[in-house]
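Colleague: This is the structure I have questions about; it appears just below.
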Amino acid sequence: MPAERIMKAVDDYRWGSDMKNMSADLKFGPLRYAGNLSTPIGFYLRREVLNSVGRADRDLKKKLHKRIASGQSNDGSWNQLFVNTSNNLWNLALLGYSAKDKNVKKGLDWLISNQKYDYREYPGFFYSSNRKESSTMRETLYGEFGPGCTIFYTTPYAVHLFHMFGLDGNKQVQEAVDSYLQFWTPDWCGSWCTINVLRMLIEHPKSANTKRTKNGIKHMAEVQTKTGAWRGYPFYHTFHALTRATNTAARKQIENALPAVIRRQNSDGSWGKKQKELDTFLILDGLKNAGLL
């Protein structure tokens, strides 16, 4: 039997009778799409979400790590760009590498070296002086953060990466969180800036249950429409960010968005159009975060 037919047969079985909760309502089995991704996202989805890691994934993990590491500069960055460095560290996290991995450690050290900016006298912000940074950020939509204002992209993304690698207790990272907790409001800037910062505040233990974070979640409830989308906000990123929260206001918004999640699924089991792989990750990982897969 050809490989694609085997994958489809396994997928139909898993999603037709073996899975519970949200899986029973999806129109198509996500493994049809995610099972063929030879990328960090594909590896992560098969291992952490769809529970279908194959023998080939062990070799794929090593191959992808080698490819990612080959592009790292001696200073620990990738091309001296915050965007590229953060995205590659995110990929290494998806592959399951820890802060002990030498490439991860060098990358995180480079990020910390860029924590040297005070925003309106609030300390702890990450900022790269590379002139290409802003244009690269605007041209790149990858990972869990989107192209808002540079200062509201770099710092939340950096804090998120330290969170992924189990380093929430880093004093410099906590300094950044403390600064946001002193001044940030959900209407401080544009939608990307808002969801970038809110995502970071939701997941960091120092800020997760604060009044400021709860107010941010409340603001998102106020802009959610009857369709389940959030007016003016990117659907997939917003959905994923809120699935990391545990309070009632966030859970209610996720519940309201589920019909849209089902409606937006593509026939190949994926989500999205221009950023199909990323949007599929955001939905499936979000459903997992919410306990629906």
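Read the figures in this text as sums done on the coordinates, not as results from a lab. Note that the structure is a prediction, hence the values are computed from the model and not measured. Neighbour counts are summed over all protein chains in view; Cβ atoms, including those assigned to glycine, are modelled from backbone coordinates with ideal geometry.
Colleague: Putting +1 on Lys and Arg Cβ atoms and -1 on Asp and Glu Cβ atoms, find which of Tyr119, Gln224, Trp188 reaches farthest to the positive end of the dipole of the chain.
Modeller: Gln224
Colleague: Under 1.5 on a/c is rounded, so check that first for the stretch 75-183, then, if it is not, pick prolate when a/b is larger than b/c and oblate when it is not; a ≥ b ≥ c are the square roots of the alpha carbon gyration tensor eigenvalues. Mind showing how you got there, number by number?
Modeller: Details: a/c = 1.59, a/b = 1.14, b/c = 1.40.
Oblate, since a/c reaches 1.5 and b/c is not below a/b.
Colleague: Helix-only mean residue ellipticity at 222 nm, the chain, DSSP H runs n ≥ 4 weighted -39,500 (n - 2.57), per residue, nearest 500. What is it? Mind dumping the intermediate values first?
Modeller: On the way: 14 runs with 159 residues, N = 293.
Computed ellipticity for the chain at 222 nm equals -16500 deg cm²/dmol.
Colleague: A further question follows. Lys252 to Asp75: FRET efficiency via 1/(1 + (r/R0)^6), r the Cβ-Cβ distance, R0 35 Å, to the nearest 0.05?
Modeller: Calculated transfer efficiency: 0.15.
Colleague: Let me ask something else about it. Report the net charge of residues surrounding Gln182, where surrounding means a beta-carbon distance below 13 angstrom and charges are Lys +1, Arg +1, Asp -1, Glu -1.
Modeller: Details: positive: Arg120, Lys206, Lys211, Arg212; negative: Asp118, Glu121, Glu175, Asp178.
For residues surrounding Gln182, the net value is 0.
Colleague: May I pose another question? Please work out the C-alpha center-to-center distance from the stretch 103-141 to the stretch 167-203 and express it in whole Å.
Modeller: Centre-to-centre (Cα) distance: 15 Å.
Colleague: For the chain, which cysteines have no disulfide-compatible partner, meaning no other cysteine Cβ under 4.7 Å?
Modeller: Cys149
Colleague: Let me ask something additional. Remind me, relative contact order of the chain in percent, using alpha carbon pairs under 8 angstrom and six or more residues apart?
Modeller: Details: 380 pairs, mean separation 55.4, N = 293.
Taking the mean separation of contacting Cα pairs over the length of the chain, I get 19 percent.
Colleague: In what order do Met137, Met200, Met164 fall by count of nearby beta-carbon atoms within 10 Å, going from fewest to most?
Modeller: If I rank by nearby Cβ atoms, fewest first, I get Met164, Met137, Met200.
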